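Here is the structure we will look at.
Laboratory data are not the source of any read-out in this text; all were calculated from the coordinates shown. In this text, all values refer to a predicted model and were calculated from it rather than measured experimentally. In this analysis, Cβ positions are derived from the backbone assuming ideal geometry, glycine residues included, and neighbour counts consider all displayed protein chains.
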C-alpha cells in the first residue's frame, strides 16, 4: 500500500500594516495670518498706547515735533486732573451707566425671552417697534425732551440721564438677547416642566445660565454706549449731573491744546470701560460667538 506523503501547504498570512501617518507640514498660511492679526491689533491699540504714554509727559514734552519718545515720566498731569474736579463727573457717569444698564437687563431679559422661547402675538411687529425707536435722530427729539425734562424739574439731574440711557439701550439689548435666547433649544423648557419645575425656576436655573455669556456681552455694549453718550449729557446737564464726556470737553481750549493733561483725563475716562471689558472678557468672547457654530 503506497502512502502518498501529505503535503501541508502553509499559507503566508501577512497582516496588513497600518499606514504610518506622516507628519503634516505646517502651512505658512496660518503663521502669516497670525502676524497680520497681531499687526492689525497693534495698529488699533496704538492710539490708546500713545494716549497713555502722553499722559505721563510734561506739556513741553507732549507738544514737541517730532514726538519725544524718551522722557522722564511724571504724574503731574493726573494730579492736575484731580485738582480740576474729575470726581463728581466720574461718579455721575458710573451712576448713570451702571443703573441704566441694570434697568435695561431687568426689562430686556423678559422681553427677549417672550419674543424667542415663548413668542407672543405679532412678534415681528413688536421687534419692528423696538428697532423703529432707534431710527429717529437724537437731534430731532432734543427740543421736546428739553422742554419735558425742564417742566418736570429734572434739568441738570442725573436721573434724567438714567431714564434716557435706559430708553436708548433697551431696543438694542432686546434685539441682541433675543438672538441668544433663540439658540437655546425649546426642549429644555419642556423637560424642566415635565420634572415639575415652574416657569420662573426653569428660566432661572436652566435658561439664564446658558445665555449668561450673551447677557454679559449685551451688558458691556450697553455700558459702552451709555458711558460714551455725549449729546444728551451736554444739552441736559450743566454742573451737578455733568458726565465724563462733557468733562473732557472742558480741556479743549481755544488758545491751544494741553495734550498731556487731556491725555491723562481721557485715560481716566477710558479706564472703567477697559476694566469692565477685561473682567468680562471670557463671557464676552463666548457671548459674541454664541450660536456661531452649530
Margin query: As an exercise, find the ratio Rg/Rh for region 84-288 from alpha-carbon atoms, using the Kirkwood inverse-distance average for Rh.
Written below: 1.05
Next item on the list: Using a Förster distance of 51 angstrom, determine the FRET efficiency expected from the C-beta separation of residue 201 and residue 230, and round it to 0.05.
Entry: 0.75
Next item on the list: Quote the relative contact order of region 84-288 in percent (integer), defining contacts as alpha-carbon pairs under 8 Å separated by 6+ residues.
Entry: 32
Note to self: Can you give the FRET efficiency to the nearest 0.05 for residue 138 and residue 83, using r as the Cβ-Cβ distance and R₀ = 30 Å?
What the structure shows: 0.35
